[in-house]
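What follows is a short report on a single structure.
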Amino acid sequence: MPTLTLYLPPSRTAIIQLYERVSGDAYGSPITMTEGDPTEYTATVDVGDYEVQLSGVSTPNGPRFVMRASSTEVITADTWLELDLVVAAGAVSGPVASTGTITSPIIIGDDYLAANGRAFQWTIAAITGYTLGTSTCKFGGAYKDNTWLVNGTVSDAGGGNWTLSFDLPKTATVSLEEGYYSWSVEVLTAGGTEVTRVRSGRNVLLVDKQT
């Protein structure tokens, strides 16, 4: 049976619960972890897809994220897949939820374009020392050797906030493999200084289509 390994960041109190992806039923008993306890949680599970729910005293309740356990693959979550770096300031659109998470799945070979109301968009607080007119942004994802990376636009959202918007054309994903991808969004100055504003671990699913 494969093993799922999760890590708790320092200075966090959290309750962890696994849910079977297909049925949505809880799998195993919840475990409470606090600062000073071991920060690694390992669960031996049946082959299949699982959702992980993280909640706790010092960590706000977050959306479930997905982990896959196969007979040949042992999955380790390299982060808690939280969006600690995102500063959500308003509504988002397209395949991005109001929490800043991407609403799975992304269809491989589909076009996600602003022209059709399907761009990936995040609203963040303006970054100190960055100039709106000369800042750029990038959105990338990776699974094994499969990657995408696209450039986006930075615009004024009002109230001291910016909107980062990305088209993800079919050419960016058409050759990618199905699976759960890690992804991140960064903002760059004209001089190349980089600040990651949104990031997550392997919690967005890319799937093939039949057309």
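Throughout, read-outs are computed from the coordinates displayed, never taken from laboratory work. These figures come from a predicted structure and were not determined experimentally.
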**Prompt:** Can you run phi through the Karplus equation (6.51, -1.76, 1.60; θ = phi - 60°) for the range 184-196 and list ³J(HN,Hα) in whole Hz, with x for Gly and Pro?
**Reply:** 7, 10, 10, 10, 10, 7, 4, x, x, 5, 10, 10, 7
**Prompt:** So who's got an amide H within less than 5 Å of the one on Asn146, skipping anything under 5 residues away but keeping other chains? H placed 1.01 Å off N, in plane.
**Reply:** none
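Using the reciprocal of the averaged 1/r over all distinct C-alpha pairs, how large is the Kirkwood radius of the range 147-211 in Å? Working shown, then result.
Details: mean 1/r = 0.0717 Å⁻¹.
Result for the range 147-211, one decimal place: 13.9 Å.
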**Fill in**
Row for the range 106-207, column shape: gyration tensor on C-alpha, a ≥ b ≥ c, rounded if a/c < 1.5 i.e. under 1.5, prolate if a/b over b/c, else oblate; value prolate
